[in-house]
Structure formats: C-alpha cells, structure tokens
Amino acid sequence: VKPWLIPPENVPDKEFRVSPDEVEALHNAETCIMCGACYSSCQVIAMTKEYIGPHALLKAFLRVLDPRDAAPGERLADLAGEDGPYRCHTIFNCIDACPKKLNPTQAIETLRKLAQKRLAVEEARVERQKTLALPVKSKT
C-alpha cells in the first residue's frame, strides 16, 4: 500500500477544490493514528501473516477516495490479490479495538466494491480531476 498522495498532472495554482461531501468521506479514515490496535485484534492476521491488515487497508481506502489522488485504479489493482480486502472475514474486532472509534471493516467493504468496478472508478477520477481547480458548487 502506498500511503502517500500521487498528485494529478494538472495541479491547480492555488488549491484543490474538494466538496464538503468528499471531505466528510475522508475525515474518518484520515483520523487514524496507525496505533496498530486493529491489526493486533484481527483474527485473520493470527491465521494469515501475509494479510496486510485493517490499518493498511484503511489508509488505502483514504487514498482511493481522495479526489486529489491520480492513481485509484493502480491502488485498487494492487489490492486485488488474495491478501487484500477480500481476505477480511468481517469479524469486527478491529472496530472494537480502535481507540478513535473508526470503522476499518466498512472501509474494507467499500474497497471490495470499488475493486470490482475499478475501470469506472478510474474514469470518474479523471473527470473529477478536471474540475479540482473550479469552485465547489453548493447543494442549495
């Protein structure tokens, strides 16, 4: 998992314009402190050391959903192996263990769904990045 942002080719002069809905989707994943509590409580880790774990998948989720990132398809392809989101058994121990009350299981489930439609996610991201320098329209 590459935890850093891969910027688009056309970086705006001032700032990236991200909608409030996009910020809200990122906020929960962004508050992860990488303490490893979810990793330690994960039953799958105990049986399969190759599984990358809920903390890494939560960071991958953060980057896949970030509209400023230029490589969601690459990230989803990297996760498509058997030790990525499909290995999770949704036991929910990671949620109980998290001191920040985050939900890695929900992020993992979202990654599963996005991985299944990776090409559509890539196309949507390219279109969204064309508008990152434009003002965000309100919902009124």
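Can you give the alpha-carbon Rg of region 35-109 over 2.2 N^0.38 Å, where N counts its residues?
Rounded to two decimals, the normalised Rg is 1.06.
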>> Under 20 Å between alpha carbons, and skipping anything fewer than 8 positions from LYS113 in its own chain: which lysines qualify?
In response: LYS2, LYS59
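If you keep only loop residues by DSSP, which GluC sites (Glu not before Pro) in region 22-118 have at most 15 other Cβ atoms within 10 Å of their Cβ?
Passing sites in region 22-118 are GLU50, GLU82.
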> For region 65-140, what relative contact order do you get, as a whole percent, if you take Cα pairs closer than 8 Å and at least 6 residues apart?
Replying inline: 43
> Which of the cysteines found in the chain have nothing to pair with, since no other Cys Cβ lies under 4.7 Å from theirs?
Replying inline: CYS32, CYS35, CYS42, CYS88, CYS98
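Quick check on the chain: helices-only [θ] at 222 nm, where DSSP H runs of length 4 and up contribute -39,500 (n - 2.57) each and the sum goes over total residues. Nearest 500, please.
One gets -14000 deg cm²/dmol as the mean residue ellipticity at 222 nm.
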>> Over the chain, what is the relative contact order in percent, taking alpha-carbon pairs closer than 8 angstrom and at least six residues apart?
In response: 35
>> How much accessible area per residue does the chain have, counting only protein heavy atoms and a probe of 1.4 Å, in square angstrom?
In response: 60
>> Tell me the angle of helix 104-116 to the major Cα principal axis of the chain, expressed in degrees between 0 and 90 and rounded to the nearest ten.
In response: 60
> For helix 118-129, what angle does its Cα long axis make with the longest principal axis of the chain, in degrees from 0 to 90 and rounded to 10?
Replying inline: 40
> In degrees from 0 to 90, rounded to the nearest 10, what is the angle of the helix 54-65 Cα long axis to the longest principal axis of the chain?
Replying inline: 10
>> List the trypsin sites (Lys or Arg not before Pro) within region 81-140 that DSSP assigns to loop and that have no more than 13 neighbouring Cβ atoms inside 10 Å.
In response: LYS100, LYS101, LYS117, LYS130, LYS137, LYS139
>> If you build the convex hull over the alpha carbons only and average its shadow over all orientations, what do you get for the chain? Give it in nm² to one decimal.
In response: 9.0
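The values are calculated or read from the model by the stated rules, or taken from the named source; none is laboratory data. It should be emphasised that the depicted structure is a prediction, and the values quoted were computed from it without experimental measurement. Cβ coordinates were reconstructed from backbone atoms using ideal geometry, including for glycine residues, and neighbour counts include every protein chain displayed. Just the protein is used for accessible areas: all its heavy atoms, side chains included, with ligands, DNA and RNA removed. Shrake-Rupley method; radii C 1.70, N 1.55, O 1.52, S 1.80 Å.
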